[in-house]
C-alpha cells in the first residue's frame, strides 16, 4: 500500500465525514472548512480520479435534477481499501510523532 499524501487524506476524510452527501462541491467545502485549503475543481477531480483508480473510493451517479438542468451529481464513498489506507496513514503519523511533545515546537 502506497503512502497517502495529505491532500489525499484530507479529501478521503471529507468523503467519510459527508457520508451520502459527498460530491465535488461538498467535498471541496468540507476540505476548506477543516484545513483552510481550497482546491481548484480541476485539482480536486484529478485527486478523486486517482483515488478511484487505486480503489480507495467508489463513484456513483445520482439522479438528474431539474435544479441542475438535468445533470447528474457524482457521489463518492470510501471503500474498505480506502478505510484501511486511512488507518495505515494515521498509524504512520502516530509512529512518526511518538515521543515528541507538542511544546517542543512552541516559540520561547
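The values are calculated or read from the model by the stated rules, or taken from the named source; none is laboratory data. Worth saying up front: this structure is predicted, and the values here are computed from it rather than measured. So basically every Cβ, Gly included, is an ideal-geometry build from the backbone, and we count neighbours across all protein chains shown.
The table for this structure:
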read-out: Among (1) in a helix (DSSP H, G or I); (2) surrounded by fewer than 17 Cβ atoms within 10 Å (Cβ to Cβ); (3) free of Cβ contacts under 8 Å to residues at least 24 places away in the same chain; (4) under 13 Å from the mean Cα position of the chain (by Cα) - the single one residue 34 does not satisfy; value: (3)
read-out: Any chance residue 87 is modelled with pLDDT of 95 or more, surrounded by fewer than 16 Cβ atoms within 10 Å (Cβ to Cβ) and under 20 Å from residue 6 (Cβ atoms); value: yes
read-out: Filtered residues of region 1-31 (kept if touching a residue at least 12 places away in the same chain (Cβ under 8 Å), closer than 20 Å to residue 93 by Cα and not in a helix (DSSP H, G or I)); value: 1, 2, 3, 4
read-out: Only one of 47, 15 that is within 14 Å of residue 79 (Cα to Cα) and in contact with a helix residue (DSSP H, G or I) (Cβ under 9 Å, 6 or more places away or on another chain); value: 15
read-out: Qualifying residue in region 88-105 (condition: within 14 Å of the chain's Cα centre (by Cα) and in a helix (DSSP H, G or I)); value: yes
read-out: Odd one out for residue 40, checked against (1) farther than 14 Å from residue 75 by Cβ; (2) surrounded by 13 or more Cβ atoms within 10 Å (Cβ to Cβ); (3) without any contact (Cβ under 8 Å) to a residue 40 or more places away in the chain; value: (2)
read-out: Hits in region 56-87 (condition: part of a helix (DSSP H, G or I) and touching a helix residue (DSSP H, G or I) at 6+ places or on another chain (Cβ under 7 Å)); value: 82, 86
read-out: Residue selected from region 53-71 under the condition out of contact with any strand residue (DSSP E or B) (no Cβ under 6 Å at 6 or more places or on another chain) and touching a residue at least 24 places away in the same chain (Cβ under 8 Å), by the criterion surrounded by the fewest Cβ atoms within 10 Å (Cβ to Cβ); value: 55
read-out: Test: residue 27 is at pLDDT 95 or above, under 16 Å from residue 4 (Cα atoms) and surrounded by 15 or more Cβ atoms within 10 Å (Cβ to Cβ); value: no
